[in-house]
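Written below as structure tokens is the structure these notes are about.
The values are calculated or read from the model by the stated rules, or taken from the named source; none is laboratory data. Fair warning: this is a prediction, and the values are worked out from it, not measured in the lab. Cβ: placed from backbone, ideal geometry, glycine included. Neighbour counts: every protein chain shown. SASA here: full protein model, heavy atoms, side chains in, ligands and nucleic acids out. Shrake-Rupley method; radii C 1.70, N 1.55, O 1.52, S 1.80 Å.
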Amino acid sequence: FALDITDPQSPQFLWRINRVNDAPLFGLPAGAAPDHVIPVLGQTWSEPAFALVRTSDGDETGTPVFFIGAGYTPDNSAGKAILAIKVSDGSVLRVWRNGVSGISDMDYAIPGGVTVVDEDDNGFADKLYVGDIGGQLWRIGKFTDDEGEPLPFPGADENSMNWEAHIFFFAGIPGEARSSRKFFFPPSVTLEKGYDLLFIGTGDVEDPCNPTSSDRIYAIKDANGPGTLTELDLVNITTLPHRVPDLDVDQGWYLPLPPGEKVLAKGLVFNRVYYVTSFAPNISGETATLYGLNYKTGEPALFGETFPHTPKRSMEIGTSIPSGPVAVITKAGQKIVVSKTLRTPPSERASRGALEAGILAINPTFPPVNFFYLWWMQH
């Protein structure tokens, strides 16, 4: 749905998109509402990601759009697309799905949000990242010139009408048609010199209490090249400190989670640390965990009141599904906050530790130079 809230006291309905035209169900004549019917839609889980895109080579104005995954269906009967929707009227600017622009492997629903990257900070989107529930992480964009030669990183064709969809990373075993690991949330991205670094975790939101799942936390390097990366291209950081990833030669790292533990929220990169939460069902009770990992190496980078000097890789924060971490920046300092919840009966709390429902706030590492405030004069 879109509403015009220019006058907050009198919001105006603008348009809506739907998978069917259900106006007659409400006694309305066909065409009574400015609907846009998009049959490929599934359940609308994806949070819109707004951006300005070029629609021709010489476009200097751009078109405001939002990007969404087409949605969720457990049987992959719908939701197998990525959409660019015009903000002004709700019409589809572009759709990436099987049978369009040479795509043939978009076979799984895409419930998660889309991450938009503007490499050169000129206001126009350069590329997109989004995952599906088949363990595929997609990259949308075009990184070759008119002759098909690769553009030097971070060069990209900003004309969104030329963008192509490419499976950038596969979370399963090479040769598998589908991975049991699922992407339900968009990746976090940092812009590095010579490459971008993506951070994402896997976990089945529809089956959080599966005790045998085999999920991961990933950091994946992307220099806009061709080909599809897999775990075989990454460093397993379970072996730390014996094998520390070196991103000058390695393509990233990954952390295998214990059986049943899974990521059920979007992570956060703050000052060179990747914060992400997980949930695990156990015979003795569920466990919620907060991880703090050095973003380039996966080394422990989580500090807390009980371990202020020696960082840990993770800490238990509760016994129910936690929220994703949020950075709070104020004049008084910086905090990483995350929900912590307790469903353990009072008689068992002594053995489980003093965990109370509410919000956990930790003091993250932060730069010695304050770059969080801007001042300017406007006439």
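Which of the residues that make up the stretch 196-206 are among the small types (Gly, Ala, Ser) and part of a strand (DSSP E or B)? It would help to see each step written out before you state the result.
Of the stretch 196-206, the ones among the small types (Gly, Ala, Ser) are 201, 203.
Correct list: GLY201 only.
One line per residue, one yes/no per condition, for (1) open to solvent by less than 60 Å² (accessible area, probe 1.4 Å); (2) farther than 25 Å from ILE237 by Cα; (3) at pLDDT 85 or above:
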| site | (1), (2), (3) |
| --- | --- |
| LEU302 | yes, no, yes |
| THR319 | yes, yes, yes |
| PRO322 | yes, no, yes |
| GLN334 | yes, yes, no |
| ARG343 | no, yes, no |
| GLU348 | no, yes, no |
| ILE359 | no, yes, no |
| VAL369 | no, yes, no |
| TRP376 | no, yes, no |
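Rundown of residues vs (1) of a type in the set (A, V, I, L, M); (2) open to solvent by 10 Å² or more (accessible area, probe 1.4 Å); (3) assigned to a loop (DSSP other than H, G, I, E, B), yes/no style:
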residue	(1), (2), (3)
ASP248	no, yes, yes
TYR254	no, yes, no
TYR274	no, no, no
PHE279	no, no, no
ASN282	no, yes, yes
ALA288	yes, no, no
TYR291	no, yes, no
Members of the stretch 160-174 found to be open to solvent by 50 Å² or more (accessible area, probe 1.4 Å) and assigned to a loop (DSSP other than H, G, I, E, B), listed by number
ILE173, PRO174
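So which strands (runs of 3 or more DSSP E) are wholly in the stretch 101-142 and hold at least 2 residues that are of a type in the set (Val, Ile, Thr) and over 15 Å from SER180 (Cα atoms)? Full working, then the answer.
Values: elements: 115-117, 127-131, 136-141.
The qualifying strands (runs of 3 or more DSSP E) are 115-117.
Collect the residues in the stretch 298-325 that are in a strand (DSSP E or B) and over 24 Å from TRP253 (Cβ atoms), keeping them in residue-number order. Full working, then the answer.
Initially, the stretch 298-325 is screened for residues in a strand (DSSP E or B), giving 300, 302-304, 307-312, 314-318.
Result: PRO308, HIS309, GLY318.
Residues to consider are THR144, THR115; find the one that is in contact (Cβ under 8 Å) with a residue 12 or more places away in the chain, surrounded by 15 or more Cβ atoms within 10 Å (Cβ to Cβ) and over 17 Å from the mean Cα position of the chain (by Cα).
Working: THR115 fails: over 17 Å from the mean Cα position of the chain (by Cα).
Sole residue among the options that is in contact (Cβ under 8 Å) with a residue 12 or more places away in the chain, surrounded by 15 or more Cβ atoms within 10 Å (Cβ to Cβ) and over 17 Å from the mean Cα position of the chain (by Cα): THR144.
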Name the residue that is surrounded by the most Cβ atoms within 10 Å (Cβ to Cβ), counting only residues in the stretch 228-242 that are assigned to a loop (DSSP other than H, G, I, E, B) and hydrophobic (A, V, I, L, M, F, W, C).
LEU234
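Given the criteria surrounded by fewer than 24 Cβ atoms within 10 Å (Cβ to Cβ), acidic (Asp, Glu) and part of a loop (DSSP other than H, G, I, E, B), does ASP157 qualify? Even if it seems obvious, please write down each step before you answer.
Working: surrounded by fewer than 24 Cβ atoms within 10 Å (Cβ to Cβ): yes; acidic (Asp, Glu): yes; part of a loop (DSSP other than H, G, I, E, B): yes.
Here the answer is yes, as ASP157 does meet what is asked.
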Restrict the check to the stretch 32-42 and report whether at least one residue is crowded, with 17+ Cβ neighbours inside 10 Å, at pLDDT 95 or above and either under 21 Å from ASP204 (Cα atoms) or over 25 Å from the mean Cα position of the chain (by Cα) (or both).
yes
hydroxyl-bearing (Ser, Thr, Tyr), open to solvent by 50 Å² or more (accessible area, probe 1.4 Å) and either at pLDDT below 95 or over 29 Å from LEU264 (Cα atoms) (or both): is that true of THR63 in this structure?
no
Residue count for the stretch 175-195, restricted to those that are hydroxyl-bearing (Ser, Thr, Tyr), open to solvent by less than 20 Å² (accessible area, probe 1.4 Å) and in a loop (DSSP other than H, G, I, E, B):
1
Which pairs have Cβ atoms under 7 Å, sit 6 or more apart or on different chains, and link a residue in the stretch 202-218 that is under 19 Å from GLY71 (Cβ atoms) to one that is surrounded by fewer than 16 Cβ atoms within 10 Å (Cβ to Cβ)?
GLU206/PRO74
